[in-house]
Amino acid sequence: MENLEESIGEEENYGIDQEYSDPETEYFSDDSCDWILDRKIMWLSLPRLCLERVFSFLPDRDRKTAALVCHQWHNVMRSPSLWRHRRFHFSGRISKFRKPDYSSAIAYVSLLGAYLERLEVTVCPPRKTQAALRLKGAITQLAPLRSLAVMNLELDRSAWTSSLRASMVGCLISFLQRGSSKLNSICLSGMRNCIHQGVELLSALLHYETRFYPRCYISSLDLEAFFSGSVNVYLNSSVPDNLSQLQCLTDLRLSYSCLSDELLMALQQRHGGGRQKSSRDGNTLQTFLLHCCLKEPHQQLICGSSWATLASSCPDLKVKISVNQVVNIDRLARMLLPEIPLSEYCMSAFYSPNEDWSPKPLLSDILPQYRHTLQHLNLDLNNFGESLDEELLELVKVCERLVKLSICAFLEIRTVARLLDMSLTQSSLKEIHVRRNSNVNLTLHTQ
């Protein structure tokens, strides 16, 4: 296990029983021996399940040390439950003095991959082809999993040559074709495929579910920024076709550039043409998150009736919308239709005082449409020179189901005080986060 020096320790620490010395018996006097013995007995008497729970909170270097304490701890440290969840961060940097991140990842998967169930790989997009090639080699070694997250590949960067890009997509398709019959959650956010390769990967997902259903199926799918930002995904019919056949999808995350009437109809048709079901059926769409960015296509027209039909077929559906730097009020009005069962809205808008835009219509006209459904509201507004206090207070007042409010804006102190009063009088409002003028930070929790 020399390859795991950075992540789980050396081979001798996990594969061979070793003699060990107790520093406490060397440095403590005889008067304290009884106390030391009692403490040892207390730890040795803990059930294996309790030890596994304690060890699960230890970082790898501390696990390495704990495995040398005694034979019991050594055996407990090899419990599969301690190695089922893993996160790797690939920096993409190549150094002569530090072992590459991908080497530790490959060694870990090779030696403990049989235990691994949930893997999360976060990538700092490679700047050089050599780093991209090594990253592809690490992902090639993936073992059967329950959950796979590979984030921020950004295949539209120049470091990914066309052949290397195709090879990376092929690796993921090959992983699905190898037959991981446990996989139910996939996150490929930030992958930024071209339309052809993205659809090819979606088809592989569909083929995987068709092969193993009903024994196994995809229930959670994160495809935010899955396609390149310049692609008008909503014009391609293959995306709705593939998503409509994922019968047990309950959590879906997409970029707004994928949204179309055809997609909403396809999601609705998964449930038998509008026949209502409860979440207890296990395969109705429950969470639908859309992320809209200024630099990605977002001007397509969506019919309110399409949203209404989807909401009627999925009565427990919660829609979450995140908007970044889209400040045109007409575009926001086209996106935020009253038929949407919106439960969470998050917005970041940094605009110049000279811009012909104001968030007041959003606060006073658009968001109050969701006063019966909105539960979480997160606003980051640079409203320098414009007061939004009254509009914000009125919005919070009318949203009868609002549970959490996060606001970063220029507010008056008395507005913060009134928000406090509302949290005491409105039974639903449990948590308020306020950042005012970047100098005053308040986190308020109410019972």
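The values are calculated or read from the model by the stated rules, or taken from the named source; none is laboratory data. Note that the structure is a prediction, hence the values are computed from the model and not measured. Positions of Cβ are backbone-derived with ideal geometry, glycine not excepted, and every protein chain shown enters the neighbour counts. Only protein heavy atoms, including side chains, enter the accessible area calculation; ligands, DNA and RNA are left aside. Shrake-Rupley method; radii C 1.70, N 1.55, O 1.52, S 1.80 Å.
As a fraction of the 1.4 Å probe accessible area of the range 188-330, surface on carbon and sulfur atoms comes out at 47 percent. Diagonalising the gyration tensor over the Cα atoms of the range 228-386 and scaling each eigenvalue by 5 before taking the square root yields semi-axes of 29, 18, 12 Å, largest first.
As an exercise, use a Förster radius of 41 Å and the Cβ-Cβ distance of E390 and K295 to find the FRET efficiency, rounded to the nearest 0.05. Approximately 0.80, to the nearest 0.05. With R₀ fixed at 56 Å, the C-beta to C-beta distance from S162 to L424 puts the FRET efficiency at about 0.40. Annotation: amide H-H contacts under 5 Å for L289 (H modelled 1.01 Å from N, sequence separation of 5 or more, or interchain): L252, R253, L254, K320. In the range 374-414, the inverse of the mean reciprocal separation of distinct Cα atoms equals 10.9 Å; this is its Kirkwood hydrodynamic radius.
Relative protection proxy for 409-420, 226-237, from highest mean packing down: 226-237, 409-420 (other beta-carbon atoms within 10 angstrom).
Remark: spin-label model distance K182-H372 equals 4.4 nm, labels positioned 7 Å along the Cα→Cβ axis. The packing ranking, built from the mean of other Cβ atoms within 10 Å per residue, places the peptides 164-173, 299-308 in the order 164-173, 299-308, highest first. Per residue, the range 295-447 exposes an accessible area of 48 Å² to a 1.4 Å probe, with every protein chain left in place. Counting 0.36 nm for each residue step from D380 to T210 and taking away their Cα separation leaves a gain of 56.9 nm. Annotation: extensible slack from V403 through H89 equals 109.7 nm (criterion: 0.36 nm per residue apart, minus Cα-Cα distance).
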